[in-house]
1. From the phi angles alone, apply the Karplus equation (6.51, -1.76, 1.60; θ = phi - 60°) to region 76-85 and give each ³J(HN,Hα) in whole Hz, x where the residue is Gly or Pro.
2. Residue-wise, which Karplus ³J(HN,Hα) couplings in Hz belong to region 28-34, taking 6.51 cos²θ - 1.76 cosθ + 1.60, θ = phi - 60°, and x for glycine or proline?
3. So what is the 222 nm mean residue ellipticity for the chain from helices alone, if each DSSP H run of at least 4 adds -39500 (n - 2.57) and you divide by all residues, rounding to the nearest 500 deg cm²/dmol?
4. With labels modelled as points extended 7 Å from the Cα through the Cβ direction, what inter-label distance (nm, one decimal) is found for residue 222 paired with residue 154?
5. Taking amide hydrogens as modeled 1.01 Å from N in the peptide plane, which residues meet the under 5 Å criterion relative to residue 4, leaving out close sequence neighbours?
6. Over the chain, what relative contact order in percent results from Cα pairs under 8 Å that are six or more residues apart?
7. Stretched out fully, how many nm does the piece from residue 119 to residue 29 gain, at 0.36 nm a residue minus the Cα gap?
8. Could you put 105, 74 in order of accessible surface area, largest first, with the 1.4 Å probe and the full protein assembly present?
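The values are calculated or read from the model by the stated rules, or taken from the named source; none is laboratory data. Please read these numbers as outputs of a predicted model, since none were measured by experiment. Heads up, the Cβs are rebuilt from the backbone with ideal geometry, glycines too, and the neighbour counts pull from every protein chain shown. SASA here: full protein model, heavy atoms, side chains in, ligands and nucleic acids out. Shrake-Rupley method; radii C 1.70, N 1.55, O 1.52, S 1.80 Å.
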Amino acid sequence: MAVLTGAGISAESGVPTFRGDGGLWKDYKAEDLATPEAFVKDPRLVWEWYNWRRELISKALPNAAHKALVQLEIRKREYTLITQNVDGLHDRAGSGRMLKLHGDIWRMRCTVCGANWPDRRAPLPKIPPHCACGGLARPGVVWFGEPLPDGMMKEAEHAAGAAEVFLVIGTAAVVYPAASLVPYAKQGGAKVIEINTDDTPFTNQVDCALRGPAGELLPRLV
Ligand code: OAD
C-alpha cells in the first residue's frame, strides 16, 4: 500500500492549504515567495513568510487523519507514505516510512556550503538566518522550478507502482511530478482511493472517490 498526501490532510489541524477558499495562493503569489528567483531577489521577504508559517504550524497538532495513517503503517508490511507537505505533522503523529517530496519546513540549508540541519525555533530569532559558515540559510523545502530531493521521485514511483492500494488524500493533484503518481499507481494495477472535500483532475479516473474531510473519513476507512 502507498499513500499520497497533500495540504488538505492538515487543513483540520488549522494549517492553511494552498488552493481553494482560504488557500495561501489567494493572498500570496507563489512566484514572489516559493521560487529560487524570489529568494535571490528578497531573502528577507521569503523568510518572513516562512517564519509566519513556521509559527502557525508550530501551534498546530496532528489530527485524526494523520493518526489514522500511523495505524495503517503499523498494520501494513508494505507501506509507503509519500507527502507533499512540509509541515512535519506526519512526523509528529508518529509516521516513519515517509518520503517528503517537497522537503521539510523545519530544516535549513546553507546556500554557500550546502550544510543541512534541523531548526524548530518559531519564531526564528533573526531573519534571514545564517549558517555557521556565515552563508545565508534557506528553508529546506523544494520551490517551484527546483528538482525534488535526489532519487526520491524514483522511490515514490516504485512504491506507487508496486502498491495494491493507493490512497490519495487532500491534494488538488495539480503540482507535478507528485500528481503523476496517481496515474502511475493506476497503471501499475493499484486500486486508487481518493479522499478529498472536492473533485480533482483525477476524480473520474479513480476507483473510489470519497467526498469529505480526511479527519472524518480516513479513521473510518482505516
Ligand atoms: P492544495 O492546497 O493545492 O490542495 C488541497 C486539497 O485538499 C484540495 O484539493 C482541497 O479540496 C483538499 N482539502 C481541503 N481540506 C480538506 C480536508 N479537510 N480533507 C480532505 N481534503 C481537503 O495542496 P496540495 O495539493 O498539497 O508545493 O499542493 C501541492 C503543492 O502545491 C504543495 O506541496 C506546495 C503547493 O504550492 C510547493 O510549495 C512546491
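1. With coefficients 6.51, -1.76 and 1.60, one gets 9, 6, 9, 8, 9, 9, 10, 10, 8, 7 Hz.
2. 10, 9, 4, 5, 8, 10, 10
3. Numbers: 9 runs with 73 residues, N = 222.
About -9000 deg cm²/dmol.
4. 3.1
5. 82, 167, 168, 169
6. Details: 416 pairs, mean separation 53.1, N = 222.
About 24 percent, as a whole number.
7. The span from residue 119 to residue 29 would gain 29.8 nm if fully extended.
8. Of 105, 74, the descending order of accessible area is 74, 105.
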